[in-house]
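The block underneath contains the structure these notes are about, expressed in structure tokens.
The values are calculated or read from the model by the stated rules, or taken from the named source; none is laboratory data. For clarity, every value in this text was computed on a predicted model and none was experimentally measured. Glycine also receives a Cβ, built like all others from the backbone with ideal geometry; neighbour counts cover every protein chain displayed. The area values use the complete protein model at the heavy-atom level, side chains included, leaving out ligands, DNA and RNA. Shrake-Rupley method; radii C 1.70, N 1.55, O 1.52, S 1.80 Å.
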Amino acid sequence: MLSDLKFAVRSLRSTPAFTAVALIVLMLGIGATTAIYSIVDAVALRGMPFDQADRLMIVEETNPTGKGLGGGYVAAPNFYDWRAQQSSFEDLAAFQGKSLTVHDAGQEPIALRGQMVSSSLFQILRVQPIRGRTFTPENEVAGRNRVAVISDALWRSRYGADPGVIGKTFTVGIGGPSASSPDNGPWEIIGVMPPGFEFPVGRLKPIEIWVPFLPSAQEYPRGDGSSRNYNAQVIGRLKPGVSRGQAYANMEQITASLKSQYPRWFRDRWVGITPLHESVVGKARNWMFLLLGSVAFVLLIACVNVANLMLARATAKTRDVGVRAALGASRWQLARGLLAESLVLSAAGTLLGLAVAYWGIEIMRAALPATLPRLKDAGLDLRVLTTSALAAVGTGVLFGLVPALKFSRPGLAGTLREGGRTGAAGMARERIRGALLIAEVALAVVLLVGSGLFVSSFVKLTSVDLGLDFDNVLTMRVNPRVNFSSPTRDQEMARAAVLIEDVFARVRRIPGVETASFLGNGSVPLSTGWSRTTFEIAGGPKFDDPDDQADVKSVSGDYFKALRVPVLKGREFTEADRDPGAEPVVIINDIAEQRFFKGESGLGRQVKVNGDRRIVGVVKAVRLGGPEAELRPEAITPASRTSAFGGTMILRTSGDPSSIVPDVRAAVRAVLPDVVVPEAETMETMFGRLVAQRKFNMIVLALFGVLAIVIAGVGIYGVMAYLVEQRTQEIGIRMALGAQPGQVLRMVLSRASLFMAVGITIGLAAGWMLSRFVETFLFRVEPHNVAVYAGASGLLLLAGLLAAAVPARRASKVDPMLVLR
């Protein structure tokens, strides 16, 4: 074998053009495959980092009606009842996001990313701290809950990996040290989790601190059901021998009993059980597998291409193989020599491909949606390298097998007479090369059709009218936090409103700020989350169905000007509308006017939206959730100037919004020195996050399409070049008998066109059948879009003819006298 490998290396070095082309094709194919596989493996294939993770289940509340709010979050009273009555899980634990603002003496206040968790969580996950302990049930009681377990990263960054950190305290001051909050005061560190521990898994920024689960008074106890809060998530570990189906039956029985006792709590809710891995990966799994399937086409095209090149190369070496066979070489020795070349090529191609993959992974990390779970774990680890090595051996055997079997027959000694140029054997080899070329073209067509569909889909997505202009718009939260359970809540909200007005007065004076507006409550356009309310027309119907409820928000007067939302009827808000004692007014969008007033004008009508109000304006509808969101009814009220608890600044700038961020942060810090100033974000960034997944799909599939064209073009060139070389004598004789260069040119191009036509036809048929599998990933594009299929066919045909034109032109310039001599 060593001798065979040395001979293979010398042989490949003697044909640099062939070796370079084969290595480039393999490098692109293996590099793209390895990069995509590393991403898919980290996100969708790799299991959860816990003992027997397949037994971990997320228990959630679902919305069986499909209307209104849902999404798996659980009300605290339901969690407590589930945990007390269930018999299928070793235990259940709740976890819920919680940010703690730390005000340690002598240090700038910071906001720690935290989670409230049940004391049973760490036992369910089967993870122990490396220092100290975790919580006990006694810590889930008010007054005993100010204890914390911190992450290894926080222990090292904030406490310098101090081995004596257990027992130390830090000071929480939500809204500043003077604000009254049950969380304010000293907290004790009782444990440090091991390096690499993350829970919840897959967050963009890992959790830094865990505290005992203690819902607020608004969430627990149950009450009459008039106010329901769904903020927690629940995880459990199945008991040995209990299946997911059995656990669901148990939880369904408990939920049915709870529904009979508390019907208001379950009028639109039910129970569901989802494996932890599925819950984390979510919808990303399907499109990850789509990318993996697509890149498999690229690798397959590369393999077919190199197999064809190897077959053509073996044809050129027929005489050498025949001599070796005549001197006594066995079929195994001949096949081994040919396979050795394939393995050397695949090994070298894999090394080059891994370099491409390393570079490609970094690029994909930057291009992929930041919210993609576990994206940071993608890399060339042992799993990926092992898979790539196996793929290298597999591809080496795959593209070397056909020529090895074909040319290792001892009967090939007859080629000494034929010279490897004519006869039945030559015709058979030509048919094999043609079949491989047709297969390569067909695969490239399928990939090009997919690329065309995704490019068309993204073009459609970005051309959707959002109803606003998000260019040069900056957003930032302003949170003079208020303790709603405090008896002085009204005074705190009045104080917060004064502070917010002070911030805005400073921000308006910053150079470059054209318009400063304020969003008091409700979601910022192009972000997630919303607030909805019933809509009632005075003397008319009440719209309280979830589909008919209006999205509601309160804003300052310049809100529509800042986002350039057109006012279709009436007027915008004025500052007077925000004064105490002003007439309660509301502005609705045109969708609300159409739905609630059935084609009549709503201007001037009295409605009930968070109280009795008069409609003073109608604005164009905005797609609050981005281009894929539906247009919904919206009701906008003026934000109070005398009572507030926080909100979002929306600033339109004359230039790059990021240039004013330091000045905006300084203005907020000057008014709210004890509050952590949040990061500013442009609406362009928010829009980019909404379309990031589709944009990435489009870019990657388009790149795969380009690779398919390049690899197919190289294959067509290589096959036609070898074909011309093998038929040089025939071409010389034809020209000696009177054939013109143009006729020879047409003869070669017509042969290439025949291969292309058959391959394109097969590829179109395959693409037509396979396109239904990508239908769910497309946006407003039919999977059988004729223009896309025609464009893919035309593009590949043009690329193929250009690739074949070079050897065809070379054939037309053959000197008959030189060939015959």
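Given that just one value was derived from the coordinates, which of (1) 1.05; (2) 0.99; (3) 1.22 is Cα Rg over 2.2 N^0.38 Å?
Read-out from the structure maps to (3).
Of all beta bridges DSSP finds with both residues in the chain, what is the antiparallel percent, to the nearest 5?
80 percent
Run the simple label-point estimate for ASP162 and SER654 please: 7 Å along Cα→C-beta, distance reported in nm.
In this crude label model, ASP162 to SER654 measures out at 5.0 nm.
Can you tell which of VAL74, LEU309, GLN128 lies farthest toward the positive end of the dipole of the chain, using +1 and -1 charges on the Cβ of basic and acidic side chains (Lys, Arg; Asp, Glu)?
Result: LEU309.
Show me the ranking of peptides 20-26, 445-451, 1-7 by mean Cβ neighbours inside 10 Å, starting with the highest.
Put in order of decreasing packing, that is 445-451, 20-26, 1-7.
Compute the relative contact order of the range 211-319 as a whole-number percentage, counting only Cα pairs closer than 8 Å that sit 6 or more residues apart in sequence.
20 percent
To the nearest 10 square angstrom, how much accessible area does TYR722 have with a 1.4 angstrom probe?
Its accessible surface works out to 40 Å², give or take rounding.
Which pairs break 22 Å Cα to Cα here: LYS239/LYS283; LYS460/LYS695; LYS283/LYS376; LYS205/LYS553?
With Cα atoms farther than 22 Å apart: LYS239/LYS283; LYS205/LYS553.
Fully extended, how many nm does the chain gain between THR761 and VAL661 (0.36 nm per residue separation, minus their Cα-Cα distance)?
30.4 nm
Take the alpha carbon gyration tensor of the range 75-233, find the square roots of its eigenvalues, order them as a ≥ b ≥ c, and report rounded if a/c is under 1.5; if not, report prolate when a/b exceeds b/c, else oblate.
It comes out oblate by the Cα gyration axes.
Extending each Cα 7 Å along its Cβ direction at LEU327 and VAL393, get the distance between those two points in nm, one decimal.
Going from the LEU327 label point to the VAL393 one covers 3.1 nm.
Round to the nearest 10 and report in Å² the accessible area of THR34, as given by a 1.4 Å probe over the protein chains' heavy atoms.
10 Å²
Going toward the positive end of the dipole of the chain, with +1 on Lys and Arg Cβ and -1 on Asp and Glu Cβ, which of ALA712, GLY143, ASN286 do you reach last?
Sorting the options by dipole projection puts first ALA712.
Could you run the Karplus curve 6.51 cos²θ - 1.76 cosθ + 1.60 with θ = phi - 60° over the range 342-351 and give me ³J(HN,Hα) per residue in whole Hz, x for Gly and Pro?
Calculated HN-Hα couplings, in order: 4, 5, 4, 4, 5, 5, 5, x, 5, 4 Hz.
Roughly how many nanometres apart are two label points built 7 Å out from the Cα toward the Cβ at ARG46 and GLU684?
Label at ARG46, label at GLU684, 3.3 nm between them.
For a Förster distance of 22 Å, can you work out the FRET efficiency between the beta-carbons of ALA435 and SER750, rounded to the nearest 0.05?
0.75
How large is the helix-only mean residue ellipticity at 222 nm for the chain, computed as the sum of -39500 (n - 2.57) over DSSP H runs with n ≥ 4, divided by its residue count, in deg cm²/dmol to the nearest 500?
-16000 deg cm²/dmol
Going from most exposed to least, what order do ILE760, ILE110 have by accessible area with a 1.4 Å probe?
Reading off the accessible areas and sorting them downward yields ILE110, ILE760.
Spelling out what I want: for every residue of the range 603-613, take phi, set θ = phi - 60°, compute 6.51 cos²θ - 1.76 cosθ + 1.60 (Karplus), and round to whole Hz; glycine and proline get x.
Values per residue, Gly and Pro as x: 4, x, 6, 8, 9, 10, 9, 6, x, 6, 8 Hz.
Given the peptides 185-196, 636-647, arrange them by the average over their residues of other C-beta atoms within 10 Å, most packed first.
Final packing ranking: 636-647, 185-196.
Ranked highest first by the average count of other Cβ atoms within 10 Å around their residues, in what order do 355-364, 611-620 fall?
So the order, starting with the most tightly packed, is 611-620, 355-364.
Roughly how many percent of the accessible protein surface of the range 671-821 is carbon and sulfur, given a 1.4 Å probe and a whole-percent answer?
65 percent
Charges at C-beta only: +1 for Lys and Arg, -1 for Asp and Glu. How large is the resulting dipole of the chain about its Cα centre, in Debye rounded to 20?
Its charge dipole is roughly 3360 debye.
Tell me, what is the per residue accessible area of the chain in Å², probe radius 1.4 Å?
44 Å²
Estimate the FRET efficiency between VAL786 and ARG133 by the formula 1/(1 + (r/R0)^6), using the beta-carbon distance for r and 60 Å for R0, to the nearest 0.05.
Step by step, r from the Cβ atoms, then E = 0.35.
Given the protein chains as shown and a 1.4 Å probe, how many square angstrom of ASP54 are accessible, to the nearest 10?
Its heavy atoms expose roughly 110 Å² to the probe.
Tell me, what % of the accessible area of the range 270-372 is carbon and sulfur with a 1.4 angstrom probe?
After summing per-atom areas, the C and S share lands at 66 percent.
Once R0 is set to 25 Å, what does the formula 1/(1 + (r/R0)^6) return for the Cβ-Cβ distance between THR533 and LYS561, expressed as a FRET efficiency to the nearest 0.05?
0.50
Percent antiparallel among DSSP beta bridges with both residues in the range 533-685, to the nearest 5?
55 percent
Counting only protein chains, not ligands or nucleic acids, how are TRP270, TRP287, TRP768 ordered by accessible area (probe 1.4 Å), most first?
I get TRP768, TRP270, TRP287, largest accessible area first.
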